[in-house]
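Here's the structure we're looking at; comments come further down.
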Amino acid sequence: MSLPSFEVVRPRTLEGALEELERHGPDAQMIAGGTDLVPSLKQGLFSPRVLVDLKGVRELDFIRFDREAGLELGALTTITRLAQSPVVAEYFPVLQAAAKTVASPLLRNMGTLGGNLCLDTRCLYYNQSAFWRESLGYCLKKEGTVCHVAPGSSVCWAVFSGDTAPALMTLAATVRLASPRGEREIPLRELYVNDGWVRLTKRHDEILTAVRIPLSSAGWKGTYKKLRIRNSIDYPLAGVAVAMRWASDGVCQDVRIALTAVNPAPRLVEAAARLKGKRYDPSLVDEVAHEAIRTAKPLRTSASTMEYRRHMVRVFVRRALNEVWANGPHC
Ligand SMILES: Cc1cc2nc3c(=O)[nH]c(=O)nc-3n(C[C@H](O)[C@H](O)[C@H](O)COP(=O)(O)OP(=O)(O)OC[C@H]3O[C@@H](n4cnc5c(N)ncnc54)[C@H](O)[C@@H]3O)c2cc1C
């Protein structure tokens, strides 16, 4: 479990970081806070020849709120800063709620938003030492040919286990990606691929530079519910983000529900649309909570059972909707 040897380069500008990625090609890997990547390097899950350390690129560390453009968050914003931002707390409560649950205080101080969104997918058969993995003949995600979670599957079922992505998806966030070829902006949900091995649509040399939440999502009420083994530190076993906006008469104008840690990608729940144009109705909330299970496909990727995680998705969707609706007008 010792670190392999590699070279570290420390660019000070985005342009410099892009040059390093172009120079070293597939031999390079980005590192920000290192809270996820460093343990993975020790487990032999990656073996880059060069680490491009983004922490010195200070132009990527910002939180900007503009009454026309909405909220912009630089990729190097730490999770602590996100959780403590007064603007995030006032206008985007679902994001604050999710950020507060990430890992532990020390990891939130080091961990960045960019790293949180680009997290590698996780699985019981993958996040292990090289010795452990070798004893099983490795797995589909790394060096092997068989998925131990779903033998016969041609896709990898390792789960995306970040907490801020589902919250940001309920707020219709977009992400900016920069590469030596230029810049592009895509909806956050399009960053992910529902295959734990492929996992991101982002190319190897693209740096996630910023996240943008449109002004139209400001003021939506929201909450985040998370299942994990130890509430003080662990990755989610299931996570549910809900954000909602009402008309002044208490009718739900719009609502989004997103799930994490129960699929290879964070996913929006389509059944949320049934709540649009409706007043609070506990049986409708139950119906949507039940339907959310169709979006959650947890397999045996963690120490917990898939039945329990699916059950908790239903419980959390119901609790989150009840809680958010209770804060609305004329409930
Ligand atoms: C014990 C433990 C518990 C944890 N619990 C949680 C949890 O509950 N919830 C949770 O969400 N996370 C959890 N984490 C993971 C991690 O701490 C956070 O997700 C953190 O925000 C990751 O950010 P980072 O800057 O440290 O990423 P890094 O480790 O530096 O990078 C992670 C990945 O993202 C890539 N990357 C980083 N920045 C960029 C960028 N700007 N553009 C493109 N790619 C980039 C890296 O190449 C790497 O593949 C936990 C980690 C540990 C060790």
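The values are calculated or read from the model by the stated rules, or taken from the named source; none is laboratory data. Being a predicted model, the structure only gives us computed values, none of them experimental. Positions of Cβ are generated from backbone atoms using ideal geometry, with glycine treated the same way; all protein chains shown enter the neighbour counts. Accessible surface areas use protein heavy atoms only, side chains included; no ligands, DNA or RNA. Shrake-Rupley method; radii C 1.70, N 1.55, O 1.52, S 1.80 Å.
A few notes on this one:
- Some residue of the range 214-224 being in the same structural domain as Arg310 (by TED's automatic domain parsing), farther than 24 Å from Ala292 by Cβ and free of Cβ contacts under 8 Å to residues at least 12 places away in the same chain: no
- The number of residues in the range 213-235 being surrounded by 22 or more Cβ atoms within 10 Å (Cβ to Cβ) and among the basic types (Lys, Arg) comes to 2.
- Scanning the range 119-129 turns up no residue that is outside the structural domain of Asp36 (by TED's automatic domain parsing), open to solvent by less than 30 Å² (accessible area, probe 1.4 Å) and farther than 26 Å from Thr201 by Cα.
- Every residue from the range 89-114 that is within 15 Å of the chain's Cα centre (by Cα), of a type outside the set (Gly, Ala, Ser) and open to solvent by 10 Å² or more (accessible area, probe 1.4 Å): Gln96, Lys100, Thr101, Val102, Arg108
- Residue check, Glu7 more than 13 Å from the ligand (Cβ to nearest atom), not hydroxyl-bearing (Ser, Thr, Tyr) and not assigned by TED's automatic domain parsing to the domain that holds Gly182: yes
- Residues in the range 130-148 that are open to solvent by less than 30 Å² (accessible area, probe 1.4 Å) and under 24 Å from the mean Cα position of the chain (by Cα) were compared, and the one that is nearest to Tyr192 (Cα to Cα) is Lys141.
- Selection count where residues are within 18 Å of the chain's Cα centre (by Cα) and of a type in the set (Ser, Thr, Tyr), scope the range 285-314: 3
- Positions within the range 55-83 being under 24 Å from Leu321 (Cα atoms) and surrounded by 21 or more Cβ atoms within 10 Å (Cβ to Cβ), in sequence order: Leu82
- Filter pass, Ala32 being at positive phi and near the ligand (Cβ under 9 Å from one of its atoms): no
- The condition of being without any contact (Cβ under 8 Å) to a residue 24 or more places away in the chain, open to solvent by less than 50 Å² (accessible area, probe 1.4 Å) and within 26 Å of Lys225 (Cα to Cα) holds for only one of Pro86, Pro187, that being Pro187.
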